[in-house]
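Below is one structure, written out as structure tokens, with a few remarks after it.
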Amino acid sequence: MIGAIAGSESRSLLRSAQTWLIAGVLALVFAYLFLQALETYLDIQPSLAAQDHPTGLSGFLAVRYLAPLVMVFALVSPLLAMKSFSDEHRQQTLALWQSSPVSTTAMVLGKFFGISLVILLMVLLACVMPLFMRLFTNLDIGVLSSSTLGLALASLAFAAIGMFFSSMTKHAIIAVAASVLLLVLLWLLGSAGNGSSLMNALALFSIPTHLASFFQGYIGTADVAYFLVLIFLFIALTIVRLDSLRHVG
Amino acid sequence: MLSNTANSTDKLLEATQLHRRLSPDAQIESISLSLQRGDVLGLLGLNGAGKSTTLKMLSGTLVPDSGEVKISGYSMRDEPLAARQRIGYLPDTPPLYTEMRVRAYLQLCAKLRRVNKAQIPEKVETVLSQCDLHSVERQRIGQLSKGFRQRVGLAQALVHEPDVLLLDEPSNGLDPNQMQGMRRIIKEAGSKRAVIFSTHLLNEAQAVCNRIAVVHQGRLIHEADVTGDNQQLEELFTNLIREQPQAANA
């Protein structure tokens, strides 16, 4: 059942013009950022080569091209998730689900996997560009893979947050605004750093804290767990929210 | 997963003492209903009497504060999925995805109702003929007229051949011609299952139903079989209509 719902959700996303518009804009953004990073690398390569442990192209692209894309997906993921439940509220189609033999959990998971599939396709699109460099030079696949994993995990967590806010309102754009606001908050958490213990504690929960190592080619259990917890938390909140509708009517 | 505890009697819907508080001064009180195969019950009442809320509770979309709903022996509270698999529900706003095409929409609905994959095309075909939708099956639902949309809504409730059919004002906003068509479909559907449909029109209830229940201010105040002579019912309903404006002013 979850598979069927996921299929129908991703099909409906892929049918909408908005998804393809986002994909088109993303392709341009990816290309621009990628070429810019590449040009910078070529400019500073002589001075890099003089260092003891010179940064390779892969490491440079991970930090200068893939890492900034997390911010792009902080907007793209909520945009793709915004209609998941807002549209059901707006078109009053939730009754269809509520009166069908489908549990709320199956419905939410199905929708989340459906959205995830489309997001992962876009993440894949972003990672194709560095792979092209393989034609010209040796790449460090390790650092590129860990960066891709970081980007994918973060994007899926952003989608879960977007889906949750989508279940709260029938106005899709409000869902996006709320998601982005929360993400900015999570991003800046503890960064007003004067080194106090409170700020350091808060920083443990911020997104950049858990992203950095992915882009240095290091996959930490705690960092993976952080994003998985975010995903599960917001999926659970969405389920609770939708179940509560049966009680308020 | 679906245990076989249902008894095999033909009591398809049984609601006992449904109670639900809606606001400080409105509530549904002790509504009990029992329907067998072949029953078509008209839930008659003025706007705001509690018809929609009652149907929501019967369909499982709203949890009652107390009381129980059983569909073909399955409790809506303890075995919600088994119970919901056996109902078809058309809310007062049909739950339609306007960007989908009619056939694809009905296929999705069949899937959600766990219709066996191999049987989906056949069931969709049946319901398309039953509701006269073949002429529009490739159109987007958003482009359809009100009458067609209502019929797609009805088709969605019928596609999995449920035991119990719950229709919330199905002929609202239809012209007399479309109303006739809707009545025909409901009568046909009613021969094989139990149907409840709400309306605020007495003559519509009389035309389609073999039983009528009158709801007023959240209570069931009258329930009777439709016979040739319905004078008592007509008087009761006329009195309600007369009372209503006074109640509103009070």
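Structure data summary
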item: Residues (modelled with pLDDT of 90 or more and open to solvent by 70 Å² or more (accessible area, probe 1.4 Å)) located in the stretch A:194-221; result: A:Ile219, A:Thr221
item: Residue satisfying all of: in the stretch B:43-70; touching a Leu at 6+ places or on another chain (Cβ under 6 Å) and closer than 24 Å to B:Arg151 by Cα; farthest from the other protein chains (Cβ to nearest Cβ) among these; result: B:Lys51
item: Every residue from the stretch A:176-202 that is at negative phi and outside any helix (DSSP H, G or I); result: A:Leu189, A:Ser191, A:Ala192, A:Gly193, A:Asn194, A:Ser196
item: Residues within the stretch A:77-106 that are open to solvent by 10 Å² or more (accessible area, probe 1.4 Å) and either away from chain B (no Cβ under 13 Å) or not in a helix (DSSP H, G or I) (or both), tallied; result: 5
item: Subset tally (residues that are in contact with a Leu (Cβ under 6 Å, 6 or more places away or on another chain) and under 19 Å from A:His247 (Cβ atoms)) for the stretch A:78-108; result: 4
item: So A:Phe205, is it within 17 Å of A:Val70 (Cβ to Cβ), in contact with a Gly (Cβ under 9 Å, 6 or more places away or on another chain), hydrophobic (A, V, I, L, M, F, W, C) and part of a loop (DSSP other than H, G, I, E, B); result: yes
item: The one condition in (1) within 14 Å of chain B (Cβ to nearest Cβ); (2) in a helix (DSSP H, G or I); (3) open to solvent by 10 Å² or more (accessible area, probe 1.4 Å) that A:Leu109 fails to fulfil; result: (1)
item: Answer from B:Lys51, B:Lys56, B:Lys11 - the residue that is under 16 Å from B:Leu167 (Cβ atoms), open to solvent by 40 Å² or more (accessible area, probe 1.4 Å) and charged (D, E, K, R); result: B:Lys56
item: Members of the stretch A:140-153 that are under 20 Å from A:Phe60 (Cβ atoms) and either out of contact with any Gly (no Cβ under 8 Å at 6 or more places or on another chain) or polar (S, T, N, Q) (or both); result: A:Ile141, A:Leu144, A:Ser145, A:Ser146, A:Ser147, A:Thr148, A:Leu149, A:Gly150, A:Leu151
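Okay, residues lined up against (1) open to solvent by less than 30 Å² (accessible area, probe 1.4 Å); (2) within 12 Å of chain A (Cβ to nearest Cβ); (3) out of contact with any Leu (no Cβ under 8 Å at 6 or more places or on another chain):
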site	(1), (2), (3)
B:Ser72	yes, no, no
B:Ile87	yes, yes, no
B:Leu96	yes, yes, yes
B:Ala104	no, yes, yes
B:Leu112	yes, yes, no
B:Val115	yes, yes, yes
B:Lys123	no, no, yes
B:Ser129	no, no, yes
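The values are calculated or read from the model by the stated rules, or taken from the named source; none is laboratory data. The structure displayed is predicted, hence computed values, not measured ones. Neighbour counts run over all protein chains shown; Cβ positions are idealised from the backbone, glycine included. What goes into the accessible areas is simple: the full protein's heavy atoms, side chains included, and nothing from ligands, DNA or RNA. Shrake-Rupley method; radii C 1.70, N 1.55, O 1.52, S 1.80 Å.
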